[in-house]
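So the structure is just underneath, and the comments pick up after that.
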Amino acid sequence: MAHDLLRDLLDCLEILHPALTRPGFQNMLVVFTGWVLTMGGPHAVTQALVATHLAGRRHHEAFHRFFSRGTWDPDELGRLLFGWLVRLLPADAPVRAAVDDTLAPKKGPHVFGIGTHLDAVRSTRAVRV
(Lines give C-alpha, C1' and ligand atoms only; values in the text may rest on other atoms or scores of the structure.)
Protein backbone atom coordinates (compact mmCIF):
# COMPACT_ATOMS: atom_id res chain seq x y z
CA MET A 1 0.00 0.00 0.00
CA ALA A 2 2.77 2.47 0.93
CA HIS A 3 4.52 1.57 -2.32
CA ASP A 4 1.37 2.52 -4.29
CA LEU A 5 1.08 5.83 -2.46
CA LEU A 6 4.71 6.65 -3.21
CA ARG A 7 4.19 5.73 -6.86
CA ASP A 8 1.15 8.06 -7.03
CA LEU A 9 3.15 10.85 -5.41
CA LEU A 10 6.00 10.38 -7.88
CA ASP A 11 3.51 10.45 -10.76
CA CYS A 12 2.29 13.83 -9.49
CA LEU A 13 5.86 15.11 -9.68
CA GLU A 14 5.73 14.51 -13.42
CA ILE A 15 4.23 18.01 -13.75
CA LEU A 16 7.68 19.40 -12.87
CA HIS A 17 9.41 17.54 -15.69
CA PRO A 18 9.17 20.40 -18.25
CA ALA A 19 11.26 22.66 -15.99
CA LEU A 20 14.11 20.16 -15.63
CA THR A 21 16.57 18.37 -17.85
CA ARG A 22 16.19 14.59 -18.09
CA PRO A 23 19.13 13.88 -15.73
CA GLY A 24 18.01 16.67 -13.41
CA PHE A 25 14.51 15.22 -13.19
CA GLN A 26 15.90 11.76 -12.44
CA ASN A 27 18.13 13.18 -9.69
CA MET A 28 15.21 15.13 -8.23
CA LEU A 29 13.10 11.95 -8.12
CA VAL A 30 15.85 10.07 -6.29
CA VAL A 31 16.33 12.81 -3.70
CA PHE A 32 12.58 13.29 -3.24
CA THR A 33 12.00 9.55 -2.84
CA GLY A 34 14.85 9.34 -0.35
CA TRP A 35 13.43 12.20 1.70
CA VAL A 36 10.03 10.51 1.80
CA LEU A 37 11.57 7.18 2.82
CA THR A 38 13.83 8.68 5.51
CA MET A 39 12.23 7.71 8.80
CA GLY A 40 14.54 9.45 11.26
CA GLY A 41 17.56 11.63 11.32
CA PRO A 42 18.42 14.44 8.95
CA HIS A 43 16.63 14.75 5.64
CA ALA A 44 19.85 15.43 3.76
CA VAL A 45 20.92 14.50 0.24
CA THR A 46 23.33 11.82 1.45
CA GLN A 47 20.66 10.35 3.74
CA ALA A 48 18.27 10.27 0.78
CA LEU A 49 20.84 8.23 -1.14
CA VAL A 50 21.13 5.79 1.75
CA ALA A 51 17.34 5.43 1.93
CA THR A 52 17.10 4.74 -1.81
CA HIS A 53 20.07 2.30 -1.70
CA LEU A 54 22.07 4.41 -4.16
CA ALA A 55 24.79 5.29 -1.65
CA GLY A 56 28.02 3.71 -2.89
CA ARG A 57 26.58 2.91 -6.32
CA ARG A 58 26.45 6.49 -7.65
CA HIS A 59 28.62 9.33 -6.47
CA HIS A 60 26.76 11.69 -4.15
CA GLU A 61 28.24 14.77 -5.83
CA ALA A 62 25.86 14.41 -8.79
CA PHE A 63 22.93 14.86 -6.43
CA HIS A 64 24.50 17.72 -4.50
CA ARG A 65 25.31 19.38 -7.84
CA PHE A 66 21.59 19.29 -8.70
CA PHE A 67 21.08 21.96 -6.02
CA SER A 68 24.31 23.93 -6.35
CA ARG A 69 24.77 24.07 -10.12
CA GLY A 70 21.62 22.66 -11.69
CA THR A 71 20.12 24.33 -14.74
CA TRP A 72 16.60 24.44 -13.32
CA ASP A 73 14.72 27.53 -12.24
CA PRO A 74 12.94 27.42 -8.86
CA ASP A 75 10.47 30.05 -10.06
CA GLU A 76 9.46 27.85 -13.01
CA LEU A 77 9.03 24.84 -10.70
CA GLY A 78 6.87 26.95 -8.41
CA ARG A 79 4.79 28.19 -11.34
CA LEU A 80 4.17 24.65 -12.58
CA LEU A 81 3.30 23.39 -9.12
CA PHE A 82 0.99 26.33 -8.42
CA GLY A 83 -0.77 25.86 -11.77
CA TRP A 84 -1.35 22.20 -10.97
CA LEU A 85 -2.73 23.00 -7.52
CA VAL A 86 -5.08 25.68 -8.87
CA ARG A 87 -6.53 23.19 -11.36
CA LEU A 88 -7.52 20.98 -8.41
CA LEU A 89 -9.73 23.74 -6.97
CA PRO A 90 -13.29 24.51 -8.03
CA ALA A 91 -13.42 27.26 -10.67
CA ASP A 92 -14.96 29.83 -8.32
CA ALA A 93 -12.75 29.05 -5.30
CA PRO A 94 -10.58 31.91 -4.03
CA VAL A 95 -6.85 31.30 -4.11
CA ARG A 96 -4.81 32.44 -1.13
CA ALA A 97 -1.10 31.81 -1.13
CA ALA A 98 1.65 32.58 1.35
CA VAL A 99 5.05 32.61 -0.31
CA ASP A 100 8.43 32.62 1.39
CA ASP A 101 11.37 33.34 -0.90
CA THR A 102 13.95 33.49 1.90
CA LEU A 103 16.17 30.86 0.29
CA ALA A 104 15.71 32.04 -3.29
CA PRO A 105 18.69 33.85 -4.82
CA LYS A 106 18.11 37.56 -5.23
CA LYS A 107 20.67 38.75 -7.77
CA GLY A 108 20.63 40.48 -11.09
CA PRO A 109 19.54 43.69 -12.77
CA HIS A 110 15.81 42.90 -12.61
CA VAL A 111 15.54 42.63 -8.81
CA PHE A 112 14.03 45.80 -7.37
CA GLY A 113 16.09 47.51 -4.71
CA ILE A 114 19.11 45.22 -5.02
CA GLY A 115 21.53 48.16 -4.88
CA THR A 116 19.53 50.20 -2.39
CA HIS A 117 21.06 50.74 1.01
CA LEU A 118 19.89 52.90 3.88
CA ASP A 119 22.54 54.91 5.67
CA ALA A 120 21.28 54.81 9.23
CA VAL A 121 23.79 57.42 10.41
CA ARG A 122 22.98 60.16 7.87
CA SER A 123 19.25 59.40 7.55
CA THR A 124 16.57 61.07 9.62
CA ARG A 125 12.83 60.46 9.90
CA ALA A 126 12.22 63.15 7.29
CA VAL A 127 15.12 62.43 4.92
CA ARG A 128 16.39 58.98 3.95
CA VAL A 129 19.92 58.73 2.59
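The values are calculated or read from the model by the stated rules, or taken from the named source; none is laboratory data. This is a predicted model, so every value here is computed, not measured. Cβ placement follows ideal geometry from the backbone for every residue including glycine, while neighbour counts extend to all protein chains displayed.
Taking the criterion of being in a loop (DSSP other than H, G, I, E, B) and surrounded by 12 or more Cβ atoms within 10 Å (Cβ to Cβ), the residues of region 45-58 that qualify are Thr52, Leu54.
For first residues located in region 58-84 and among the aromatic types (Phe, Trp, Tyr), partners that are outside any helix (DSSP H, G or I) and lie 6+ apart or on another chain with Cβ distances below 6 Å form the pairs Trp72/Leu20.
Only one of the listed residues (Arg79, Arg65, Arg7) is modelled with pLDDT under 80, part of a helix (DSSP H, G or I) and not hydrophobic (A, V, I, L, M, F, W, C). That residue is Arg7.
The number of residues in region 25-44 that are surrounded by 16 or more Cβ atoms within 10 Å (Cβ to Cβ) and not in a helix (DSSP H, G or I) comes to 1.
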